[in-house]
Amino acid sequence: MSGEELLRSRGLRVTRPRLAVLDVLAGGGHLEVDEITRRVRERLDSVSIQAIYDVLGALSRAGLSRRIEPAGSPARYEARVGDNHHHVVCRGCGEIADIDCSRGSAPCLDPDTAHGFDVDEAEVTFWGLCPNCQTRRAADTDETADTSETTDA
């Protein structure tokens, strides 16, 4: 489905900024607003950052983008919606990757008590170190060990 068709199917007006943001998000990843703005400005003559925020809000409300906000990180946006996937975030560099549903179908997790809520989605964030940061940490540990051995001699 084209960007125009997507927007119309959700009752949104077709505008150049909306089409450009959809195109940027379709490229994949978990992008911060600054990165989305930079990429949209490569496609359009000029667009304000406020316009980008407005577009992202409209797309998120319409279910055409997803906003994620890992603790201590700025909001990020992605095009992967409607499948209740989760994320893993690197504590070292902030890289984010998708993780498919942890168990079964949505909402993946059945709480012991939902306090009367009809749960239809679970948002889970896993935290750890990406492979690059693991390698860097191991190298830093090796350097520290080498330095302390030399100092002790």
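FYI, it's all coordinate maths here, none of it is from the lab. All values derive from a computational prediction rather than experimental measurement. Here the Cβ positions follow ideal geometry from the backbone for every residue, glycine too, while neighbour counts run over all protein chains shown.
Would you work out the charge dipole size for the chain about its Cα centre, treating the Cβ of every Lys and Arg as +1 and the Cβ of every Asp and Glu as -1, and quote it to the nearest 20 debye?
Details: 18 positive and 27 negative charges, 214 e Å.
Computed charge dipole of the chain: roughly 1020 debye.
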>> How would HIS86, HIS30, HIS115 line up from fewest to most surrounding beta-carbon atoms within 10 angstrom?
In response: HIS115, HIS86, HIS30
>> For a quick check: with amide H placed at 1.01 Å from N, whose amide H comes under 5 Å from CYS101's, ignoring anything fewer than 5 positions away on the same chain?
In response: HIS86
>> Need one word for segment 1-81: rounded, prolate or oblate. Basis is the Cα gyration tensor (sqrt eigenvalues a ≥ b ≥ c); a/c below 1.5 gives rounded, then a/b vs b/c decides.
In response: oblate
> Which one is right for this structure if Cα extents along the principal axes in Å is calculated from it: (i) 48, 35, 31; (ii) 73, 50, 24; (iii) 58, 24, 23?
Replying inline: (ii)
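Counting other beta carbons within 10 Å of each residue's own, what order do SER65, SER2, SER60 fall into, fewest first? Write down the numbers at each step before the final one.
Values: SER65 23, SER2 10, SER60 15.
Least crowded to most crowded, the residues run SER2, SER60, SER65.
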> In degrees from 0 to 90, rounded to the nearest 10, what is the angle of the helix 16-26 Cα long axis to the longest principal axis of the chain?
Replying inline: 40
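Quickly estimate the mean residue ellipticity at 222 nm for the chain, helices only: each DSSP H run with n ≥ 4 gives -39500 (n - 2.57), and the total goes over all residues, rounded to 500.
On the way: 5 runs with 64 residues, N = 153.
So the helix-based figure for the chain works out to -13000 deg cm²/dmol.
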